[in-house]
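The values are calculated or read from the model by the stated rules, or taken from the named source; none is laboratory data. On a predicted model such as this, the values are computed, not experimentally measured, just so you know. We place every Cβ from the backbone using ideal geometry, glycine too, and count neighbours over all the protein chains shown. Heads up: the accessible areas ignore ligands, DNA and RNA and are worked out on the full protein's heavy atoms, side chains in. Shrake-Rupley method; radii C 1.70, N 1.55, O 1.52, S 1.80 Å.
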Amino acid sequence: MSSKSHLPYATRATNHPNPLTAKLFSIAEAKKTNVTVSADVTTTAELLDLADRLGPYIAVLKTHIDILEDLTPSTLSSLQSLATKHNFLIFEDRKFIDIGNTVQKQYHGGALRISEWAHIINCAILPGEGIVEALAQTTQSPGFENASERGLLILAEMTSKGSLATGTYTERSVEYARRYKGFVMGFVSTKALSDVQAEGQEDGEDFVVFTTGVNLSDKGDKLGQQYQTPESAVGRGADFIIAGRGIYKAEDPVEAAKRYREEGWNAYLKRIGAQ
């Protein structure tokens, strides 16, 4: 794990070089939650209902906005209002993976206009360093609003069986994060990238780790997804746990969110030696 991972969120938020990461840690501390809900639903009504009901118990709401069957500008403005109401960040799980010129248009233009409403985005680095540079440049362009509240997670590892996001690919993910740390918040990975990060680590470096595939009841699905528990994920270095079907498919999603919050928070307290 990084040298910072055993520190409280509040401490890590103080003077963090990335303003959005600092805000995220502050939200987690204020709400006593490290839960990200992956709201993989297909209608605006479902999305907004989940955001409103689960908002008090989560730090981040993760969307796949392009799977909505009835997306309108009102969908996005309502989602932003709920993020403000319940104090959570919006993470659009777009997984950008193209040449720089294309991802700039996908991020800042087109039908989705992701840069206008999503605090966090992510990308895969298969196209090379240029994809990170292009996304970072977009937020620095003249007239871009809310640049300090926009950030990128690099998809350094995946939880699916047989994932090829390993080895050199993961090493390059860390290299690129260091070069653009004003915009790159950290990584989506299955664990802390301690071995990779240790080489060449700079003083004050503190990248956030999001881990997907967290589920309290299932171990996987028929399409290759592999799950781990909140305790195991946080124990392996996750700062924020991402749970989807374990919450939104539960008989009572609110109670499920509360349970994940409790499990994730207790694992965090254990990691920092506060329990």
TODO: Can you confirm whether segment 172-194 contains a residue that is touching a residue at least 60 places away in the same chain (Cβ under 8 Å), over 20 Å from residue 18 (Cβ atoms) and more than 15 Å from the chain's Cα centre (by Cα)?
DONE: no
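Every residue in segment 129-149 that is touching a residue at least 40 places away in the same chain (Cβ under 8 Å) and open to solvent by less than 10 Å² (accessible area, probe 1.4 Å), please.
Within segment 129-149, 132, 135, 136 meet the criteria.
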Open item on the list: Need the failing condition index for residue 95 against (1) over 26 Å from residue 241 (Cβ atoms); (2) within 19 Å of the chain's Cα centre (by Cα), just the number.
Closed with: (1)
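For the condition without any contact (Cβ under 8 Å) to a residue 24 or more places away in the chain and touching a strand residue (DSSP E or B) at 6+ places or on another chain (Cβ under 9 Å), what is the one hit in 106, 80?
Going through 106, 80 in turn, just one is without any contact (Cβ under 8 Å) to a residue 24 or more places away in the chain and touching a strand residue (DSSP E or B) at 6+ places or on another chain (Cβ under 9 Å): 106.
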TODO: Looking only at segment 17-40, decide whether some residue is in contact (Cβ under 8 Å) with a residue 24 or more places away in the chain, in contact with a His (Cβ under 9 Å, 6 or more places away or on another chain), among the aliphatic types (A, V, I, L, M) and within 16 Å of residue 247 (Cα to Cα).
DONE: yes
Open item on the list: What's the total number of residues in segment 115-152 that are farther than 20 Å from residue 18 by Cα and in a helix (DSSP H, G or I)?
Closed with: 1
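Scan segment 15-49 residue by residue and report those that are closer than 16 Å to residue 258 by Cβ and touching a Leu at 6+ places or on another chain (Cβ under 8 Å).
Residues satisfying the conditions are 36, 37.
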Task: Selection within segment 42-51 - surrounded by 18 or more Cβ atoms within 10 Å (Cβ to Cβ) and more than 17 Å from residue 86 (Cβ to Cβ) - done: 44
TODO: Would you be able to say whether some residue in segment 85-99 is charged (D, E, K, R), surrounded by 14 or more Cβ atoms within 10 Å (Cβ to Cβ) and assigned to a loop (DSSP other than H, G, I, E, B)?
DONE: yes
Task: Those helices (runs of 4 or more DSSP H) lying entirely in segment 153-247 with at least 1 residues modelled with pLDDT of 80 or more and surrounded by 16 or more Cβ atoms within 10 Å (Cβ to Cβ) - done: 168-179, 230-235
